[in-house]
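Data block below; observations after.
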Amino acid sequence: MTTHHKHTSLKELHTFRLPYSAQALIELTCANDLAELNDDYYVLGEGSNTIFTEDFSYPVLRVAIEGYEQTSTEQGYELRVGAGENWHALVVRTLSAGMPGLENLALIPGSVGAAPVQNIGAYGVEVAEYVRSVEAWDRQARKFVVFTAEECQFAYRDSLFKKRPGRYVITYVNLLLPKQWQPRVSYGALAELGAEASASAIMEAVIRIRNSKLPNPKELPNAGSFFKNPIVSRGDLKRLLTTYPALPYFSVDAQHVKLAAGWMIDYLGLKGFSVGDAAVHDKQALVLVNKGSACGTELLSLAKAVQARVAKEFSVALEVEVRLLNDKELINV
Ligand SMILES: Cc1cc2nc3c(=O)[nH]c(=O)nc-3n(C[C@H](O)[C@H](O)[C@H](O)COP(=O)(O)OP(=O)(O)OC[C@H]3O[C@@H](n4cnc5c(N)ncnc54)[C@H](O)[C@@H]3O)c2cc1C
């Protein structure tokens, strides 16, 4: 049963924990109820990539559709998972059942339904590689639709769903975990596990590394990487490397590279820099945190100050990676 609550606090519903409320909260547990909803609403999963910077004047639709079905075919294990299931719980469940594949994506916060939206990725793997199709409610056409992986237009932290914010409500995600499995340990600190590593050893290492590097939102409210790693031309990279030879970068294609935004923020000595209770994390410069009673204005001023300092020093524009909302809609700062 889908339930409606009036004027609900959003503090517990997003991991940055700003003290705002929504005009209403709709808890969606049954996909078919979408056809009955006529209001405008913002679609929310577990709120680990969304920050409400003001009281929100529309209802928030929290997707809480449960469900897990599994079939074994010659190609692999096919899973149909409810959008409201927790992503990490799914990773643990599949590995415990002897179905490897998702181990590199362990401990990424959030729901299964949000995973295809920004094509979650970590340690050299993206969820796109395992998505067979995505089931969704098309709010414009008012009908249920199914997108093949190709139609989802997956790219680095991007997809059709991210390009069309608000148009689709993802209800179920269909995954394929191939039976032919190979460990993926080429990325960073996983390399020391060696090419014979088991999937559970990889998952444990990923959990250990993530716990040591990233603040746990339950202890220190945050929304993960606040800024995107900027993509610049190789010409710009050349210019930057003459002044900053230690600047880390990763190849994107023949013309472009991705720069480490955290390194640039750290270079400017901004770790720990704060505006009120909104701060740059003192160990991980790409993460902004709420030290307790931050408000939206403080967070936005902090974000703008960091962007301005990076732009002045490096002539590089930092874009926000999290979904920031004002009282009505997504905002780009
Ligand atoms: C400590 C920390 C570490 C993180 N590390 C990583 C990482 O390594 N890699 C990575 O990729 N991300 C990372 N993230 C970001 C976050 O985990 C992902 O973006 C995750 O997919 C968000 O899930 P959610 O359910 O919390 O999404 P929400 O914040 O609730 O929503 C995110 C976006 O998806 C939309 N959305 C949510 N559910 C649905 C649905 N059912 N249908 C349609 N649209 C929907 C929302 O409208 C919003 O635009 C991290 C976040 C934190 C806090």
Could you list all residues from region 91-100 that are touching a residue at least 24 places away in the same chain (Cβ under 8 Å) and either hydroxyl-bearing (S, T, Y) or in contact with a Phe, Trp or Tyr (Cβ under 6 Å, 6 or more places away or on another chain) (or both)? T94, M99, P100
Quick check: is even one residue across region 238-259 crowded, with 19+ Cβ neighbours inside 10 Å and on the phi > 0 side of the Ramachandran plot? no
Only listed residue being buried (at least 23 other Cβ atoms within 10 Å of the Cβ), outside the structural domain of L299 (by TED's automatic domain parsing) and either within 13 Å of the ligand (Cβ to nearest atom) or under 22 Å from V134 (Cα atoms) (or both), chosen from L13, L37, L79: L79
Note down all Cβ pairs under 9 Å where the first residue falls in region 75-87 and is free of Cβ contacts under 8 Å to residues at least 40 places away in the same chain, the second is aromatic (F, W, Y), and they're at least six residues apart or on different chains. E85/Y68
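Here's the yes/no breakdown for (1) within 15 Å of the ligand (Cβ to nearest atom); (2) over 28 Å from L240 (Cβ atoms); (3) not assigned by TED's automatic domain parsing to the domain that holds F226:
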| site | (1), (2), (3) |
| --- | --- |
| S274 | no, no, no |
| V280 | yes, no, no |
| K283 | yes, no, no |
| K304 | no, no, no |
| R309 | no, no, no |
| L325 | yes, yes, no |
Would you check if L95 is more than 15 Å from the ligand (Cβ to nearest atom), under 27 Å from A201 (Cβ atoms), among the aliphatic types (A, V, I, L, M) and part of a strand (DSSP E or B)? no
Would you pick out the residues in region 288-319 that are within 17 Å of the chain's Cα centre (by Cα) and surrounded by fewer than 22 Cβ atoms within 10 Å (Cβ to Cβ)? E319
Please go through region 130-150 and pick out each residue that is of a type in the set (D, E, K, R), assigned to a strand (DSSP E or B) and within 15 Å of the ligand (Cβ to nearest atom). E135, D138
So which strands (runs of 3 or more DSSP E) stay within region 1-83 end to end and still have 1 or more residues that are polar (S, T, N, Q) and at positive phi? none
Tell me the residue from Y172, Y156, Y168, Y123 that is outside the structural domain of D39 (by TED's automatic domain parsing) and within 7 Å of the ligand (Cβ to nearest atom), please. Y168
Looking for something surrounded by 14 or more Cβ atoms within 10 Å (Cβ to Cβ), more than 16 Å from the ligand (Cβ to nearest atom) and over 23 Å from E319 (Cα atoms) - is there at least one such residue anywhere in region 203-215? yes
Condition set aromatic (F, W, Y) and touching a residue at least 60 places away in the same chain (Cβ under 8 Å), scope region 107-146, selection surrounded by the most Cβ atoms within 10 Å (Cβ to Cβ): answer is W137
With (1) without any contact (Cβ under 8 Å) to a residue 40 or more places away in the chain; (2) of a type in the set (G, A, S); (3) within 20 Å of A114 (Cβ to Cβ) as the list, and A195 as the residue in question, which single condition is left unmet? (3)
Wholly within region 224-333, strands (runs of 3 or more DSSP E) carrying at least 3 residues that are within 22 Å of G47 (Cβ to Cβ): 278-280, 287-290, 323-325
Given the structure, is R184 among the charged types (D, E, K, R), part of a loop (DSSP other than H, G, I, E, B), surrounded by fewer than 20 Cβ atoms within 10 Å (Cβ to Cβ) and assigned by TED's automatic domain parsing to the domain that holds G82? yes
Residue satisfying all of: in region 40-73; modelled with pLDDT of 95 or more, surrounded by fewer than 19 Cβ atoms within 10 Å (Cβ to Cβ) and among the charged types (D, E, K, R); nearest to the ligand (Cβ to nearest atom) among these: E66
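The values are calculated or read from the model by the stated rules, or taken from the named source; none is laboratory data. Predicted, not measured: the structure shown is a model, and the values here were computed from it. Every residue, glycine as well, gets a Cβ built from its backbone with ideal geometry; the counts of neighbours run over all protein chains shown.
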